[in-house]
Amino acid sequence: MKELILELLKTNPGIGTVALTAVVLPIAILWMTNRQNAKLIERDHENELKRAEFLRNLEGTSAEGVKKADHERLVYSSLVKILFEVQTLHIALSGSCVDYKCVDDAMERFRTSFAKYQEAIADNQLFLSSTVTNLLYRFYQVLGQVMVDLKNLKDQEQYELAVACVYESSQDLANQIIAIQDEFNKHRKGVEEEVEKADLSNFRQCCGRAPSAERQRRFQEAKAKMSELPEPLAGTLVTQ
């Protein structure tokens, strides 16, 4: 058989070209086509993997942003609730606050509410920026000083001046909350400009009408004397 094929090729040299064209060349083309298709499939698979990874990263980033916004909303709402409790404290100390029990009861109610909201803030504080954290502790410092001053006024039996003490600090507390809100809104498109245009004067005047000028004058005098007193618990929400 082998000899027959060789003899056939010798007597018909063109048959080799025909065989090459008819058999070998299609096989070679098929192999090259399959190889190219395999590369395309492999490239598509790699692109799909990269796309899936990109989408996962995008989803994670979006989820993290939403999560951070949720924490900020909880902190902000807790601060606003604390300011409302300051307003309630101001009301409780207004009018006929003429004995130690009036001051004690109002301070105790405030401390109870504050502890609840402060715990909510602490649970979310990890997600706050350093700037917001500093503003937050400034807010706490102002509140702490209010509690110290109220206790000193009670000890000095100047109960009628307690309302002036709370009113004086209420605007500072409101301004701290506004500053924190501004920090939260810095990275939220369109919100910062809207807040800047808002009239927040009523928010700052949360405690309403100021005490009489005479009462404010007397409180400033008492505060000057209190500054000379030892304050081992200054800056904290002191208990009796």
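Structure data summary
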read-out: Filter result for Pro211 (on the phi < 0 side of the Ramachandran plot, assigned to a loop (DSSP other than H, G, I, E, B) and modelled with pLDDT of 60 or more); value: yes
read-out: Residue within the range 110-125 that is surrounded by 18 or more Cβ atoms within 10 Å (Cβ to Cβ) and β-branched (Val, Ile, Thr) present; value: yes
read-out: When residues of the range 109-141 are limited to those that are hydroxyl-bearing (Ser, Thr, Tyr) and assigned to a helix (DSSP H, G or I), the one farthest from Glu168 (Cα to Cα); value: Ser130
read-out: In the range 194-208, the residues that are modelled with pLDDT under 80 and surrounded by 13 or more Cβ atoms within 10 Å (Cβ to Cβ); value: Val195, Leu200
read-out: Test: Phe184 is at pLDDT 85 or above, among the aromatic types (Phe, Trp, Tyr) and in contact with an Asp or Glu (Cβ under 6 Å, 6 or more places away or on another chain); value: yes
read-out: Selection status of Glu221, farther than 23 Å from Ser78 by Cα, modelled with pLDDT of 85 or more and surrounded by fewer than 16 Cβ atoms within 10 Å (Cβ to Cβ); value: yes
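Residue-by-condition table, conditions (1) assigned to a helix (DSSP H, G or I); (2) of a type in the set (Val, Ile, Thr); (3) at pLDDT 90 or above:
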| position | (1), (2), (3) |
| --- | --- |
| Gln87 | yes, no, yes |
| Ile91 | yes, yes, yes |
| Leu143 | yes, no, yes |
| Glu192 | yes, no, no |
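The values are calculated or read from the model by the stated rules, or taken from the named source; none is laboratory data. As the structure is a computational prediction, the values presented were derived from the model and not from experiment. Glycine also receives a Cβ, built like all others from the backbone with ideal geometry; neighbour counts cover every protein chain displayed.
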